[in-house]
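Below is one structure, written out as C-alpha cells, with a few remarks after it.
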Amino acid sequence: MSILPTVNPPLFTIFTPTYNRAHTIRRVFDSLCAQTLRDFEWLVIDDGSTDNTSELIAIWDEIANFPVRCVKQTHAGKHFAHNRALVEAKGQFFGILDSDDALVPDALEKLARLWDSIPESERHLFCSVGARCCSQNGSIIGDRFPTDPFDADMRELAYVYHIDGEKWICWVTEIFRRYPFPEITGIQFIPEGLICYSIAKAYRGRWSNDAVRVYYVNDQETGPTLSKRRQGDHALGRWHYYTWLLNNDLEYIFRSPRPFIKAAILVPICAWFSGKTLNESLRELTSILAKFLVFSTLPVSTLIYLIETCRLRAASGHRSTMPVRPHQ
C-alpha cells in the first residue's frame, strides 16, 4: 500500500478530475513520482469513468510512496468533482492537475519556496502561488510576469496587466473552500474564471516566471476532456459564466474591453444553444451597460450562431437549408 499521511496533514493536495482518461492519466502519476518535494497527497475524483481508470489508480496506490486516494462519483461534470475534492482535500495547498497534464520534477518545491518568500505578516492577504507552463517540448507557454516574483490578483492580471496564457496555481485550501462552484445539474463544465475572479475581489496571488506545469499542445492522445469547451457541448455552463462576468467585472471594461465584448457576444449564443431565450439572458443582467453591450453586439451574435448551427448540422450529417431562427 502507498504510504499514508502521518499526524500532520500534507503540504499539498494535488487534485485530478478525470473522466475516461486511462490513456493519459499516467502522465500525472509519473510526474508526481518524480517530485523533489514529497509532502503531498494525490486525490483523484473519478467522474463516472467507464474505462479502466479505477483499476489503474488501485495499482498505483499499491506502489506509490505518497498517499493516493480515488473517489468515484456518478458522472456529473468537473464542477461537481471540484467541489467534492475540496471536501476531501487534506493539504494546506490545493492544486488542480488535469488528467492529461504533468508537473516538472521541482514544481511543488518551487511553489512552496514561492509561498515562503511572502512576508509572514502579509500572508493573510494572499490566496495562492502560481507560475507559468511549458509544452511537452519544453517551450514556455503564455505571457511573462513583469517581475519575478510578481504580486497581483487574478482580475489585475487579466484586465490591468493583460497577462494571458496557461498558468498553474496552488491555492490556500482553507480559502478556496469558501468559493465552490455553483452545483447546477445538467451542466458538464463551468469556466474556472467564475471562481478565480470571485476570489480576486478579496485576495492576491504571488507569481513566478518559472515553468512548473507541462501542458500538452496539439496532443493526439488527449481527445475529449472533462472540461472541453465547444459551444454546443457546454453552452449552459458558459452562459452562467458570461452573465456572471458582465454582472461582476464590468468596472474594468474601459481598461480591458475585449473580454466583455466577447462575453456580450457569447451570452445570446450560449443561451440559444442551451434552450434559453434572449429575454431570459437580459433579465439575468443587472446593469444597463451590460444589457446595452448585449443589444449592440446582437447582429454579430446572430451571425455566429447561424454559422455554428450550420457547421454542427453538417458535421452530424443532418441536411438543412437554413438553421432555425434564434429565440428572441
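Quick check on my filter: what residues within the stretch 148-175 are closer than 18 Å to SER208 by Cβ, touching a residue at least 24 places away in the same chain (Cβ under 8 Å) and hydroxyl-bearing (Ser, Thr, Tyr)? Those that are closer than 18 Å to SER208 by Cβ, touching a residue at least 24 places away in the same chain (Cβ under 8 Å) and hydroxyl-bearing (Ser, Thr, Tyr): none in the stretch 148-175.
Within the stretch 176-188, take every residue that is crowded, with 20+ Cβ neighbours inside 10 Å and assigned to a loop (DSSP other than H, G, I, E, B) and give me the one that is modelled with the highest pLDDT. Out of the qualifying residues, it is PHE181. Please determine, by comparing only the residues of the stretch 305-328 that are over 15 Å from TRP272 (Cα atoms) and touching a helix residue (DSSP H, G or I) at 6+ places or on another chain (Cβ under 9 Å), which one is modelled with the highest pLDDT. Ranking the qualifying residues of the stretch 305-328, first place goes to HIS318.
Restrict the check to the stretch 90-100 and report whether at least one residue is surrounded by fewer than 16 Cβ atoms within 10 Å (Cβ to Cβ), among the acidic types (Asp, Glu) and either modelled with pLDDT of 95 or more or not assigned by TED's automatic domain parsing to the domain that holds ILE45 (or both). Within the stretch 90-100 (the criterion being surrounded by fewer than 16 Cβ atoms within 10 Å (Cβ to Cβ), among the acidic types (Asp, Glu) and either modelled with pLDDT of 95 or more or not assigned by TED's automatic domain parsing to the domain that holds ILE45 (or both)), the answer is no, since none of the residues qualifies. The requirement of being in a loop (DSSP other than H, G, I, E, B) and either within 23 Å of CYS196 (Cα to Cα) or over 19 Å from the mean Cα position of the chain (by Cα) (or both) is satisfied by SER49. Can you find even one residue in the stretch 78-86 that is touching a residue at least 12 places away in the same chain (Cβ under 8 Å) and more than 30 Å from GLY186 (Cα to Cα)? Within the stretch 78-86 (the criterion being touching a residue at least 12 places away in the same chain (Cβ under 8 Å) and more than 30 Å from GLY186 (Cα to Cα)), the answer is no, since none of the residues qualifies.
Just to be sure before I move on: is ARG69 more than 18 Å from CYS170 (Cα to Cα), at pLDDT 95 or above and not in a helix (DSSP H, G or I) in the structure I sent? Answer is yes for this residue.
Table: residues versus (1) among the hydrophobic types (A, V, I, L, M, F, W, C); (2) without any contact (Cβ under 8 Å) to a residue 60 or more places away in the chain; (3) over 21 Å from HIS75 (Cα atoms).
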residue: THR24; (1), (2), (3): no, no, no
residue: ARG27; (1), (2), (3): no, no, yes
residue: ARG38; (1), (2), (3): no, yes, yes
residue: VAL44; (1), (2), (3): yes, yes, no
residue: SER49; (1), (2), (3): no, yes, no
residue: SER54; (1), (2), (3): no, yes, no
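Considering each residue of the stretch 88-103 in turn, at least one proves to be assigned to a helix (DSSP H, G or I) and out of contact with any helix residue (DSSP H, G or I) (no Cβ under 9 Å at 6 or more places or on another chain). Scanning the stretch 263-283 for residues that are part of a helix (DSSP H, G or I), touching a helix residue (DSSP H, G or I) at 6+ places or on another chain (Cβ under 8 Å) and of a type outside the set (Val, Ile, Thr) yields ALA263, ALA264, LEU266, PRO268, CYS270, ALA271, TRP272, PHE273, LEU278, GLU280, SER281, LEU282. Note on the stretch 189-202: residues that are crowded, with 19+ Cβ neighbours inside 10 Å, in contact with a strand residue (DSSP E or B) (Cβ under 9 Å, 6 or more places away or on another chain) and either touching a residue at least 60 places away in the same chain (Cβ under 8 Å) or part of a helix (DSSP H, G or I) (or both) total 2. Could you tell me whether LEU236 is within 15 Å of the chain's Cα centre (by Cα) and modelled with pLDDT of 85 or more? Spelling it out, it is not the case that LEU236 is within 15 Å of the chain's Cα centre (by Cα) and modelled with pLDDT of 85 or more.
The values are calculated or read from the model by the stated rules, or taken from the named source; none is laboratory data. Note that this is a predicted model, so its numbers are computed, not measured. Because the Cβ atoms are built from the backbone with ideal geometry, glycine has one as well, and the counts that use them run over all protein chains shown.
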